[in-house]
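**Q** My questions will all concern the structure given below.
The values are calculated or read from the model by the stated rules, or taken from the named source; none is laboratory data. Because the structure is predicted, anything quoted here is derived from the model rather than measured. No Cβ is skipped: glycine too gets one built from the backbone with ideal geometry, and neighbour counts run over all protein chains shown.
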């Protein structure tokens, strides 16, 4: 896919702002490259025995998680202070949910270079 130019979108929460468990930043920019990369990752995961994802792909970055739902107030400026950026590599991360919080381990790293 090559490097991917990304721009911040709006801030949001899953399942909603009143009961936020996950805070995210929507991502715009070269999303067609992100979609292609996501499809490649999903194909490899399915080939390795991971069930196919039923939900559609929504480009975003998870910023925070909480154990129990909390109301979230997003400031009026939202993500306006976050600059655009270029993704130059992709990481495969393992997430282990522990009582003290998630522990993330990098399993592999790829440079995003055109083939």
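**Q** Looking at 21, 55, which is the one that is assigned to a strand (DSSP E or B) and more than 22 Å from residue 3 (Cα to Cα)? So that I can check it myself, show each step before the final result.
**A** Details: 55 fails: assigned to a strand (DSSP E or B).
One residue alone meets the criteria, 21.
**Q** A further question on this structure: If you take the residues in segment 78-99 that are touching a strand residue (DSSP E or B) at 6+ places or on another chain (Cβ under 7 Å) and farther than 19 Å from residue 3 by Cβ, which one is surrounded by the most Cβ atoms within 10 Å (Cβ to Cβ)?
**A** As a first pass, look at segment 78-99 and keep what is touching a strand residue (DSSP E or B) at 6+ places or on another chain (Cβ under 7 Å): 78-79, 82, 84-96.
In the following step, the residues that additionally are farther than 19 Å from residue 3 by Cβ were identified as 78-79, 93-96.
Numbers: 78: 14, 79: 17, 93: 10, 94: 10, 95: 10, 96: 9.
Checked segment 78-99; the qualifying residue surrounded by the most Cβ atoms within 10 Å (Cβ to Cβ) is 79.
**Q** Please name all residue pairs, on different chains or six or more residues apart, with Cβ atoms under 7 Å, provided the first residue is in segment 37-61 and is without any contact (Cβ under 8 Å) to a residue 12 or more places away in the chain and the second residue is assigned to a loop (DSSP other than H, G, I, E, B).
**A** The qualifying pairs are 42/52; 42/53; 46/52.
**Q** From the set of residues in segment 105-115 that are over 16 Å from the mean Cα position of the chain (by Cα) and more than 20 Å from residue 27 (Cβ to Cβ), which is surrounded by the fewest Cβ atoms within 10 Å (Cβ to Cβ)? Outline the logic, then answer.
**A** Going through segment 105-115, the residues over 16 Å from the mean Cα position of the chain (by Cα) turn out to be 107-108, 110-115.
Still in the running and more than 20 Å from residue 27 (Cβ to Cβ): 107-108, 113-115.
Working: 107: 8, 108: 9, 113: 10, 114: 6, 115: 4.
This residue is 115.
**Q** In segment 82-104, which residue that is outside any strand (DSSP E or B) and under 19 Å from the mean Cα position of the chain (by Cα) is farthest from residue 8 (Cα to Cα)? Let's see the steps before the verdict.
**A** Taking segment 82-104 first, the residues outside any strand (DSSP E or B) are 82-84, 88, 99-100.
Add one more test, that the residue is under 19 Å from the mean Cα position of the chain (by Cα), and what stays is 82-84, 88.
Values: 82: 7, 83: 7, 84: 6, 88: 16 Å.
Out of the qualifying residues, it is 88.
**Q** Report yes if residue 75 is surrounded by 13 or more Cβ atoms within 10 Å (Cβ to Cβ), more than 18 Å from the chain's Cα centre (by Cα) and at pLDDT below 95, otherwise no. It would help to see each step written out before you state the result.
**A** Details: surrounded by 13 or more Cβ atoms within 10 Å (Cβ to Cβ): no; more than 18 Å from the chain's Cα centre (by Cα): yes; at pLDDT below 95: yes.
The answer is no for residue 75.
**Q** For segment 24-52, enumerate the residues that are assigned to a strand (DSSP E or B) and within 17 Å of residue 112 (Cβ to Cβ).
**A** Of segment 24-52, the ones assigned to a strand (DSSP E or B) are 24-29.
Across segment 24-52, the qualifying residues are 27, 29.
**Q** For segment 3-18, give me the residue count where each residue is outside any strand (DSSP E or B), surrounded by 12 or more Cβ atoms within 10 Å (Cβ to Cβ) and in contact (Cβ under 8 Å) with a residue 24 or more places away in the chain.
**A** Of all residues in segment 3-18, those outside any strand (DSSP E or B) come to 3, 15-18.
Now restrict to residues that are surrounded by 12 or more Cβ atoms within 10 Å (Cβ to Cβ): 3, 16-17.
The next check asks that each one be in contact (Cβ under 8 Å) with a residue 24 or more places away in the chain; those that pass are 3, 17.
Within segment 3-18, residues that are outside any strand (DSSP E or B), surrounded by 12 or more Cβ atoms within 10 Å (Cβ to Cβ) and in contact (Cβ under 8 Å) with a residue 24 or more places away in the chain number 2.
**Q** Sticking with this one: I'd like to check something: does segment 104-113 contain any residue that is modelled with pLDDT of 90 or more and within 21 Å of residue 21 (Cα to Cα)?
**A** Yes, because at least one residue in segment 104-113 is modelled with pLDDT of 90 or more and within 21 Å of residue 21 (Cα to Cα).
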